[in-house]
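Heads up: the structure comes next, in structure tokens.
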Amino acid sequence: MVARTERLTRPPAGAGTGYTTRHRGWGYGLAIVGVMLVVVTLIANIVAGNLLDSDPTAAAETLAWSFGITTLGFGTVKFAIGVILIGILVRLWLRVQAVKETLPLLKAAGDDSTPAIGGDVDTPFGRAITSRVAPGPLPVHEMARTMWAPMLAMGAMLVVAGAVLSIIWAATVAEGSPRTIAALGAWTQGLQFLGEGMLLSGIAFLLGSILASLREGGGQVQEALGLTVATLKMPATAKAFVGLLMLGLMVAVAQFILYLVASGADTPQSFAAWQAWLGPFRELGIGLILAGIVMALVTIGNVLGFQFDRIRQIIATGR
């Protein structure tokens with residue numbers, strides 16, 4: 001499974017810099033579909049708002065199914081982001097191959113006189129460790145490469161399942177019991193926001209895979225030149241990324257479990273009490289994962305700065 005998903009992020013053997021993928025086109029297409037779904041539900045909800053006085057049952061039916069379709073639209077856009085990131089990973093490895101081929105032509109003559117192998121060095125981008133060969137992936141990198149595909153797949157399935165359930169929810173509004181209607185609403189919200197959390201986690205794990213590929217590819221380039229390999233140590237932003245991601249994912253799972261508990265509420269008042277704080281709680285999980293993604297992007301920017309500086313140093317000094 002891991003080997004198969006890994007192949008999705010690598011260009012085929014012998015691919016040149018002109019190699020193109022379909023990830024961008026698929027990503028654009030999915031993003032447009034997601035936005036269109038949200039626009040449809042926006043129009044439907046405006047109509048429902050005008051029906052609240054004259055036909056409250058029809059308004060409630062619309063609000064039920066539109067909740068599921070709106071969340072499905074958001075999930076589709078998130079899946080599109082994941083597809084684009086897979087394409088970026090493919091392009092990254094094409095970049096590594098191109099740098100391997102061209103950097104020796106630019107490298108100045110010089111001896112490898114960097115600090116002793118295994119010692120730490122200070123750089124403008126943080127502490128780096130030196131080694132003779134490219135470093136292997138860290139456990140967190142292995143986890144990212146293993147988990148991004150299952151998270152995207154499970155997240156998409158849960159969001160779609162919740163959208164289907166929202167249609168069933170809407171169909172029960174007119175004749176179903178208040179307890180059944182509340183239970184279907186709780187299941188819809190819990191399922192879909194667990195799916196949203198997993199989709200965002202898949203995106204985060206793809207960003208972790210990008211960090212792993214930058215680390216591995218940068219080391220391979222330096223090793224191929226016969227130079228001491230300098231690799232940034234895991235910065236605080238990367239550690240914050242992992243912590244926020246895990247915490248947000250736990251909140252996403254917890255809110256699903258709590259929605260299941262709320263679905264068994266005995267009275268409408270009891271269910272409303274659950275709803276009052278479960279909504280912000282589920283959004284907290286999404287916010288934590290998004291904050292982790294911010295930390296991942298900051299780390300990627302820092303690593304790219306370090307690698308560009310290292311390339312400049314190799315070209316200028318040959319070491």
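Odds and ends about this structure:
- 0 to 90° range, to nearest 10: angle between helix 139-172 axis and the chain longest Cα axis: 20
- Nitroxide proxy distance, nm - points 7 Å out along Cα→Cβ at Arg127 and Ala15: 3.7
- In nm, spacing of pseudo-spin labels at Ala276 and Ile168 (7 Å Cα→C-beta vector): 3.0
- Label selected from [x] 22.1; [y] 20.7; [z] 20.1, the criterion being Kirkwood radius over Cα pairs in Å as computed here: [x]
- In degrees, nearest ten, helix 268-317 long axis to first principal axis of the chain (Cα): 10
- Accessible surface of Arg95 - all protein chains present, 1.4 Å probe, nearest 10 Å²: 70
- Projected label distance in nm at Leu8 and Ala98, using a 7 Å step from Cα toward the beta-carbon: 2.5
- Its DSSP H runs of at least 4 residues, each contributing -39,500 (n - 2.57), put the calculated 222 nm mean residue ellipticity of the chain at -28000 deg cm²/dmol, to the nearest 500.
- Per-pair calculated FRET efficiency, R0 = 41 Å: Gln269 and Arg91 via Cβ, rounded to 0.05: 0.15
- A full extension of the chain between Lys233 and Arg179 corresponds to an added length of 14.0 nm, given 0.36 nm per residue minus the alpha carbon distance.
- Potential lengthening between Asp53 and Gln313 on full extension [0.36 nm per residue; Cα-Cα distance subtracted]: 86.5 nm
- Computed from phi, the 3J(HN,Hα) profile of the stretch 201-208 under the Karplus parametrisation 6.51, -1.76, 1.60 (θ = phi - 60°) reads 5, x, 4, 4, 5, 5, 5, x Hz, with x in place of Gly and Pro.
- Principal-axis tilt of helix 236-262 within the chain, Cα atoms, nearest 10 degrees: 20
- For the pair Arg24 and Leu304 in one chain, pulling the backbone fully straight at 0.36 nm per residue adds 98.6 nm over the alpha carbon distance.
The values are calculated or read from the model by the stated rules, or taken from the named source; none is laboratory data. For clarity, every value in this text was computed on a predicted model and none was experimentally measured. FYI the Cβ positions are ideal-geometry reconstructions off the backbone, even for glycines, and counts take in every protein chain you see. Calculation scope for accessible area: heavy atoms of the full protein, side chains included, ligands and nucleic acids excluded. Shrake-Rupley method; radii C 1.70, N 1.55, O 1.52, S 1.80 Å.
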